[in-house]
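Engineer: The structure follows.
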Amino acid sequence: MDSSTRTQQGCITTARQNKSTPVLQIIGYKNSGKTALSCQLIAALTAKGIRVGSAKHDAHGFELDDEGTDSSRHLGSGAVQTVLTSKTATRMMRPSEVHLEEIAAMMQGTVDIIIAEGFKTAPFPKIALLRDQQDLESLHQQASNIKLFISWQSSLCEEAYRTELDSYGYSDIPIIHIHNEESVLKQSMSLALSLLK
């Protein structure tokens with residue numbers, strides 16, 4: 001192999017390494033089906049041999065570790081980050097919020113795609129689950145880059161509802177009823193796979 005070929009292959013490898021990890025967000029409000037859809041997508045992508053990372057935003061807050069454990073003592077002593085690892089699992093803990101962009105950067109090179117549940121204001125492509133019309137109004141104010149709507153109400157999927165979607169600038173975005181499970185998974189998978197190209 002001559003030096004120009006090695007240089008060209010090195011540039012391709014570097015370009016792949018520098019390419020950011022694609023992220024697909026699943027957003028919606030409580031009990032809208034985010035986790036169920038996230039798990040279906042993760043399983044379907046994994047079955048295709050795709051390495052999937054996941055991230056979840058908890059709007060309610062949670063404890064990093066049980067009080068009195070070594071990890072909680074490390075954090076209580078001022079550690080800015082601690083990692084707990086064993087033969088079967090690893091957990092990173094940090095006493096602060098981490099933005100989705102930073103999570104994607106941390107996972108770069110170890111996964112092919114990230115399925116992120118929540119993080120409404122992050123900039124990545126999104127699937128939005130709607131339980132009712134008010135969800136659409138609220139999500140329009142908080143979220144951008146919505147590529148697919150999944151609705152719990154069949155009336156939201158009717159042609160007459162397109163007028164309202166058009167008024168929000170969503171005229172070209174598909175909307176599917178959640179009980180049309182085959183179509184929901186097919187459209188969601190299509191969107192995820194398009195991000196890998």
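The values are calculated or read from the model by the stated rules, or taken from the named source; none is laboratory data. Computed from a prediction, not measured in an experiment: that's the story for all the values here. Here the Cβ positions follow ideal geometry from the backbone for every residue, glycine too, while neighbour counts run over all protein chains shown.
Engineer: From SER194, SER188, which residue is buried (at least 19 other Cβ atoms within 10 Å of the Cβ), of a type in the set (S, T, N, Q) and modelled with pLDDT of 95 or more?
Structural biologist: Selected residue: SER188, the only one of SER194, SER188 that is buried (at least 19 other Cβ atoms within 10 Å of the Cβ), of a type in the set (S, T, N, Q) and modelled with pLDDT of 95 or more.
Engineer: Okay, moving on. When you scan region 80-97, how many residues do you find that are of a type outside the set (Ser, Thr, Tyr), out of contact with any Ser or Thr (no Cβ under 7 Å at 6 or more places or on another chain) and either assigned to a strand (DSSP E or B) or over 22 Å from HIS57 (Cα atoms) (or both)?
Structural biologist: So the count comes out to 3.
Engineer: I've got another one for you. Could you tell me which of the residues ASP112, ASP132 is farther than 20 Å from GLN187 by Cβ and among the acidic types (Asp, Glu)?
Structural biologist: Of the residues listed, the single one that is farther than 20 Å from GLN187 by Cβ and among the acidic types (Asp, Glu) is ASP132.
Engineer: All but one of (1) surrounded by fewer than 18 Cβ atoms within 10 Å (Cβ to Cβ); (2) in contact with a strand residue (DSSP E or B) (Cβ under 6 Å, 6 or more places away or on another chain); (3) not aromatic (Phe, Trp, Tyr) hold for ASP132; state the number of the condition that does not hold.
Structural biologist: The one condition ASP132 does not meet is (2).
Engineer: Okay, next question. Return the pair list, or none, for Cβ contacts closer than 9 Å from residues in region 137-150 that are closer than 15 Å to SER183 by Cα to residues that are in a strand (DSSP E or B) and not hydrophobic (A, V, I, L, M, F, W, C), at least 6 apart or on different chains.
Structural biologist: Note: pairs meeting the criteria are LYS147/LYS126; LEU148/LYS126; ILE150/HIS177.
Engineer: While we're on this one: More than 13 Å from the chain's Cα centre (by Cα) and closer than 17 Å to ALA192 by Cα: is that true of GLN134 in this structure?
Structural biologist: no
Engineer: Against the condition over 30 Å from LYS197 (Cα atoms), hydroxyl-bearing (Ser, Thr, Tyr) and either surrounded by 12 or more Cβ atoms within 10 Å (Cβ to Cβ) or touching a residue at least 60 places away in the same chain (Cβ under 8 Å) (or both), how does SER86 come out, does it pass?
Structural biologist: no
Engineer: Moving to a separate point now. State whether the residues of region 31-40 include one that is at pLDDT 75 or above and surrounded by fewer than 10 Cβ atoms within 10 Å (Cβ to Cβ).
Structural biologist: The answer is no; no qualifying residue exists.
Engineer: So which pairs qualify, if the first residue must be in region 162-190 and more than 21 Å from LEU45 (Cα to Cα), the second must be exposed (fewer than 13 other Cβ atoms within 10 Å of the Cβ) and of a type in the set (S, T, N, Q), the Cβ gap must be under 8 Å, and the two must be at least 6 apart or on different chains?
Structural biologist: Pairs that qualify, where the first residue is more than 21 Å from LEU45 (Cα to Cα) and the partner is exposed (fewer than 13 other Cβ atoms within 10 Å of the Cβ) and of a type in the set (S, T, N, Q), are ARG162/SER171; LEU165/SER171; HIS177/SER154.
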